[in-house]
Structure formats: structure tokens, C-alpha cells
1. Name, by its number, the condition in (1) more than 20 Å from the chain's Cα centre (by Cα); (2) β-branched (V, I, T); (3) within 14 Å of chain B (Cβ to nearest Cβ) that does not hold for C:I181.
2. Answer yes or no: is there a residue in region C:33-52 that is of a type outside the set (S, T, N, Q) and over 18 Å from C:Y172 (Cα atoms).
3. Of the numbered conditions (1) farther than 22 Å from A:Q9 by Cβ; (2) surrounded by fewer than 18 Cβ atoms within 10 Å (Cβ to Cβ); (3) within 12 Å of another protein chain (Cβ to nearest Cβ), A:G300 fails exactly one; give the number of that condition.
4. Which of the numbered conditions does C:Y213 fail, given that it passes all the others? Conditions: (1) assigned to a helix (DSSP H, G or I); (2) within 12 Å of chain B (Cβ to nearest Cβ); (3) not charged (D, E, K, R).
5. What pairs come out if I take residues in region C:189-203 that are more than 7 Å from every other protein chain (Cβ to nearest Cβ) and pair them with residues that are among the hydroxyl-bearing types (S, T, Y) whose C-beta lies under 6 Å away, six or more apart or interchain?
6. List the residue pairs whose Cβ atoms are under 7 Å apart, where the first residue sits in region A:27-42 and is farther than 20 Å from C:S254 by Cβ, the second is polar (S, T, N, Q) and assigned to a loop (DSSP other than H, G, I, E, B), and the two are 6 or more positions apart or on different chains.
7. Can you tell me which residue among B:S89, B:S95 is more than 17 Å from the chain's Cα centre (by Cα) and over 21 Å from B:L4 (Cβ atoms)?
Amino acid sequence: MDYTLLFMQVLNGLQLGLLLFLVASGLTLVFGILDFVNLAHGSVYMIGAFICASLTLFLGNFLLAILIALPLTGLVGYAIEVLVARRLYDKDHLDHVLGTFGLVLVLDTLAHIVWGPAGITVPLPAWLDGQVELFDGAVIPVLRLLIIGTGLAVAGGLVWLVNYTRLGMLIRAGASNRTMVSALGIDIQMLFALVFALGAMLAGLAGMLISPLTGASIEMGGQIIITAFVVIIIGGIGSMKGAFIAAVIIGLIDTLGRSFLDTLFVLFMSENAAETAAPAVSAMMIYILMAIILAVKPQGLFPPKARG
Amino acid sequence: MKPLLEVKGLMKTFGGVAATDNVHLDVMKGEIHAIIGPNGAGKTTLISQLSGALQPDAGTVLLNGTDITNKPAYKRAKLGITRSFQITSLVMGMSVLDNVALAVQANDGHSYRFLKPARSVTHIREKAMESVIKVGLRKRANDKTSALSHGEHRQMEIAIALASDAELMLLDEPMAGLGPTESGLLVNFLKELKGQRTILLIEHDMDAVFALADRISVLVYGQIIATGLPDEIRHNDDVRHAYLGEE
Amino acid sequence: MKNMTKTGWITVIGMVMLAILPPYFLLNGHAFYMDLALRLVILGIAAVSLNLLLGHGGMVSFGHAAFIGLGAYAVGIPSYHATWGGFDLIASYNGLLHLALAIGVSALFALITGAISLRTKGVYFLMITMAFGQMAFFLFQSLDVYNGDDGLTIDVRSELPFINLDSPMQLYGLSYVSLVIAMLMVKIIVNSRFGMVLQGAKDNNERMVTLGYNTYFYRLTAYVISGAMCGYAGFLLGNFTTFISPDMMHWTRSGELMFMVILGGASTALGPILGSSVFILMEEVLSSFTIFWHLPFGLMLIGLVLFVRGGLMGLFKGKGE
């Protein structure tokens, strides 16, 4: 077995996992605190990528584009909260899903109108274009390192925000006791909108970071949202720690499955059969993992206590 | 006489607080056994562990000598335990008769039937109607449950418990929220049942308890501090001190 | 017939119109309307099957498009191998084999995914069924043998005894009769003893368990019935479009299906058909004005959730029903 390749694929898996975490963290934050299911979260990821792509082309500076795109994506999230989500909190989950499904259609079509059907490729700035040689023969693109670094930093930041800040305390209190927090004279509606905007920014950030690799495209939102769901289902809906662990596991399993499953299958079946079976099984692997985990723990790895 | 229900060393804690603390309890065949105790004594928690809605942390529950501690709620129901809920729990979208019929059907053993309309299975409907009439809801039989009053919902809870044919009825505050007249009717009704069914009765209404119960157990902070005949309980010093209150 | 309610009459009138109008249009040279009606009736069967779960059983399954896809591939894959060789076990144009595969595979998929999904409830159930649906999507996307993403053209339709599916009129006849049978089946199941338990569990699961019902198995049974029925709709759809692709199973397709059921009014008999009619008409009308028809559609969906309760059928319902 080629250990250098294995090492690099582990890094790739980690990168995918952290990207998933960025998307899933917003989803789980919003669900945990607002008890709101947001299908449109993937669309925000897509819009973040498009805004950043346009700005990069316009300004010629990827980093600056991200810095401007972040608050803009937050604003999109804020608008979604005020215009639609806020009116749905009191309704049941089915209404959340249908309403935000409508939102997905609206946002995807708007993106189609603004940016065209083909999507945009984002030029990689020179400083991100290179590769780093970690050790003999093991090279990793700088961009992937950037995603890994950002993902870890955001994870740390979220832990700090939720556990050690006044906002985090309010967030945790708001989750368990809405009336209590509003009785303290805190504008709970504003707080919820901020949480929603924060979630949108995190998803948008993920879209921005990945855009130089994959470009910005309309389909990208619908593709990631289900995987993000799988992440929060495995992790336990509402649990930040669960989302992080599940995201990394899924990133690793998906990446490693796609690259090594055929080698593994050849050991006990014909090359032809392995060539067909490996992609099929690796496409289903994260769902099979989800099924196994749920068969043992129906509430996911870290079920939130309050919701039982 | 053999106990129908034997509870031995039952324990249940929630976040370090013992809601059920080493409870031993025998309910004899055919008796009305009342459990009284102040609010928060763990009465509903106890019932839930007997019906199977909650799993105890330790201890055993025997029904007719069979260990049912680890049996899920639906199996216990099949073995002959039924419960009513303190907070009304009915299928609100269905008619009164449908609700009671579901209880009859559960015992009938033929619920994986896909073709014949449920409402034309006469033996089930007739038996359900009997219970509905017994609790005095004949006129309301075909009305949607959600349209009934609170008092009528309480009557439905009893009708369902009756219709299920269960040997052991766990009644969780059946009088809750009833006016004096309605309570009186229910007490008379339960009196008529005496001897036919075994009833474990949780009730706050002391007049009702002393009118009905063959024996009484007193539950305080998850512990049974006394069990005895109504007169013994009335004169028990511990009970007076802990619960009835010495003025 | 004396006891017919207003909604009952609407259902009968609607179904009679569906029986008469499309063949009439076809005979007068408007094949396009027949195509619309075929899509409507086939998607109607899928919506009826979903309604059994969602409307009557309270199970919000967001992965139902997978069953349509499985049913359609049960036509496409054997037919493909019969033409191009390979996979001798199932390579055949025999429609009865296709049918058995469509229903069998869908039922099996429902049994396995249902057994896991139904251990959870509420929003978990919703997301998990969605994930399993997407698993089917990715599975077929990864199968290069069947052109993956690009899909598969069915060169030869299922060959059934007595019925020639190449004839739109006969295909419509089969689909229409199937729809009527599906609607009757759901109605009969719902009113049966099994159906009473299912509805009771939707309304108050704890009460049903306390009465002695193991509601898990009742729900799983309903899930398998619904999945098999939806797989059958897929069998018809494959024979209608003669083109199948993973896109049929995409989660947004499941969303559309759910939209039809909710829009038409869950747990009513005609509701799913009404919902699929509105959906298909809207798709046709809006998309003839603009390629961006998803925009007004999405806005309508949001409006529906925010302002209308009980769906279209709710608007029709007379008082006291």
C-alpha cells in the first residue's frame, strides 16, 4: 500500500470533513436553538460561493472578496430570517421543510437569473496556487491547507462563542427557555436573527473556500445540504460537538472510500466486478454508516439532553 | 390470597433525584388499592413504570408472578394492564366510539386486517358501545372526541380502561378537574366495578379515596411510608405528620 | 349514493373527467394533452401512495422519489440487458418480470430503510428518509453501466399480456385504472382495523402503545405498502417517458411529490390528484412563459405554507366535514 497516497487522502478527507462542518454547524445551531429545519441552508452556501466568485473576478483579490462576501452572505441569511423563517418558527417541521423548499427554488432561480446557468470558475490567486511538500513525496495544495486551517479555527471559535461568551450564554438560555430570556429584557427576535445570520455566514464561508476548487454552480447547494443533514443526524441534531466529529468521520470515509475501495475489493473479487461495485458502494457508504449508527443510537452520537 | 401485582425494590432517579425510591407494593386480586401522596411524590412516575412507559433503574415488577420489568408497554397491555392518563390522552381526531373500539380491538387480536371496514366489525363495535353506555356517553358516541368537554374526556378514559378487559387498571387521577357531581357519579361507578377488576388508583380527592379504597399506600418523596386499611392510614402518625398535616 | 358528501362528489366528478377528457383529446389529435394527463395520473399514484404515509399515518417521508426511480429502473435495466446483452438473470422485455421487480425491489428498499427510519420520529424521520432517498440517487449516479448521470433510454417498453404499452391510449387506460385502484386501496386500508391503528398512532402514539399496539410494525407495514405502490408508479413512468435517469430520485423530486400531497390536502382521497394536477398545470403554464418558472412556484409554495391551511381540498370542504 502506498502510505504517502494514504496520508494525502486522509488530509483530503479532513478537508472535506471540515468543509462539511462549516455547513453543518450553522444547520445544527439553527436547529438546536430555533428548532427550525432549514433546507435553504445549502442555497446560502451556493450564494456565498457566487458572491465571492463575482467579487474575486471584479476585485482581482480572493481574500478581499471573502471579507466583503462574508457580511453580504450574513445579510442574505438575515433577510431569509426576517422575511420567511421567523414566520415559520411556531409551525411544525413539515411547514419548515415545505417553506424552505420553496425558498430553495426561489434562491436557486435567482442565482440562475443573476449569474447564468453555467456557473463561474474562480481563478486561484498565485499565493494559493502552490503546493506544500509536507514530507518526502507528500504534497498538499495550499488551498486545502487553508480550508483545514479555517475549519479548525471556526470550530474553536464556535466552542468559545457558545460556551464562554455572553452571546453564547443567551443562545443556550434561549434554546431551553425562550420566555425566560425575553423576560430578561433581551430582544430575543434580534438574537434569533443574529444566530440565523451567523449560520448563513458559516455556510457561505464554506462555499467561498471551495469555489476556487470547484467553481460556483447552482447545483452545489442541493448537493451539500443532504450530506450536511447526514452529518447532523449522525452527530445528534443540535449538538455542535456531534456535528464536528460526524463531519470529520464522513469526510474521511467518503474520501478514503472513493480512492481505496476498489483496491480493497480486488482482494476478494474480480477486477471487473470491483470496478463496478466500488463506486456504487462508496457512493452509498456514508448513508450505510448513518444507517448503522442510527440502528444502534436512533438519536445520533450526541443526542441533545433537553430534547430527550 | 395471591397478589396480582408485586413491585419489589423499584428505583428511578432523574438527574440524581429519586422519584421512586425502593418502592415495595402488593396489589391483591380484586382490590381497589389507592396511592395517595403530596404533589411531586412520584405517583405518576410510579404508574408509568408499571405501565411500561418508563424503565425503572432497578427493581422488579411481577404480574401474576411473571417478571414484566423489561417488557415494553404494548406487551404489558397484552398481559392485562391498562392505564388512564392524568392528563387526558385520547385520539382526538376520532369519534368517541372509535377510541373505545381501538381498546377492544387491541384485545381482539386481529388488527392486521386490511380489507373489512373497522366500523362494520360488529362484535368490536358492540362491545365498545357497551363501555360507552356504562360511563354514560351514549349520546356522544359518534361525536368527534375533540368536541367533548373535559369531564367527558375523563369518562372516556374510564370507558377505554373498561373496554380493554384488562385485569389490572391503573387509574391516574381519574377525578382530576371534575366537578363534585361528576366526581360523585364516577365514585359510584368505580364502586360497582369493585371485585370485578383490580384497580390501582391514584387520587387527590380524599373523599373519593376513602369511599373506594380497600387499602391505601402513602407515597412521599418516592418512598412508601405506610400501607394499610383506610382506617389504619387515617390514624397513622407518620402519615398525619408527613402528609395529612397536623394542625 | 345518498350519503355522499360534497368532497365525495367532487372526487367522483374529477375522476370521471379524467376518464373521459384525455382519450377525447387524443382522438381529436391533441396528443400533448394526453401526455400531460399521463404524467398527472402516474404522479397521482405516487402522490396517493405518499398520502397513505403522510396524510393518514403522520409519517413525513421525504425520500419517496427513490421508489419512483427504483420502479423505473426495474423497467430500464432488464430491457437494456435484453437489448445489449449481459445480466442474463433479469435480461428480458417481459413486463410481468419488470412489474414484479419494480414492486419487489421497492418493497424491499422500503422494508430496510423503513425499519431504520421508523426507529426515530419527527424531524429525524424526515431527514433520514431524505438521506436514504439521496442514497438511491447517488447509487444510480455511480453506475456507469447505465450511463450514470446521463440516464438510460428504454428502447423497448415492457411487454404485457393483452396490453400494448406502446399505445398511449392503452398505457393511459392501465394508468388510469391503476390510479383508481390505488385510491380505493388506500381508502379501504385506512378504514380497516389496520388503518384505525395507523391513524390512532398518528394522533396519539402513546395511547396506542398503552392499549397494546406495537405501533412500530404497523407503521413499517404501511411504509412497505406505500413504497411498493410508489414503485409501481415508477414502473408506469418508465414505460411512459422511456427515459430514466438518477434525476428522478433527486430529493427535490421528493419535495415536489410532498408538495402535491400537501397542496391537495393530505388525508383526503382526491387531494393528491388535485395537488398533482395543479403541479403539472403550473409546470406547463409557468414554464411556457419563462424558463425561470421555479421562482413563482417557490414563492407560491412559501405562500401556501404561510397562509393556507389544509391545502386545496380544505378550500373545497363543506362545513362540518
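The values are calculated or read from the model by the stated rules, or taken from the named source; none is laboratory data. All values derive from a computational prediction rather than experimental measurement. When we count neighbours, we look across all protein chains shown, and the Cβ atoms used for this are built from the backbone with ideal geometry, even at glycine.
1. Every condition holds for C:I181 apart from (1).
2. Scanning region C:33-52, I find at least one residue that is of a type outside the set (S, T, N, Q) and over 18 Å from C:Y172 (Cα atoms), so the answer is yes.
3. (2)
4. The one condition C:Y213 does not meet is (1).
5. Hits for this filter: C:L198/C:Y218; C:A201/C:T215.
6. Cβ pairs passing all conditions: A:T28/A:S239; A:V30/A:N38.
7. Only one candidate qualifies: B:S95.
Yes/no matrix, rows are residues, columns are (1) at pLDDT 90 or above; (2) within 28 Å of C:Q170 (Cβ to Cβ); (3) within 14 Å of another protein chain (Cβ to nearest Cβ):
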{"position": "C:F240", "(1), (2), (3)": "yes, yes, no"}
{"position": "C:F243", "(1), (2), (3)": "yes, yes, no"}
{"position": "C:S254", "(1), (2), (3)": "yes, no, yes"}
{"position": "C:L263", "(1), (2), (3)": "no, no, yes"}
{"position": "C:L270", "(1), (2), (3)": "no, yes, no"}
{"position": "C:S287", "(1), (2), (3)": "no, no, yes"}
{"position": "C:F292", "(1), (2), (3)": "no, no, yes"}
{"position": "C:L304", "(1), (2), (3)": "no, no, yes"}
{"position": "C:F316", "(1), (2), (3)": "no, no, no"}
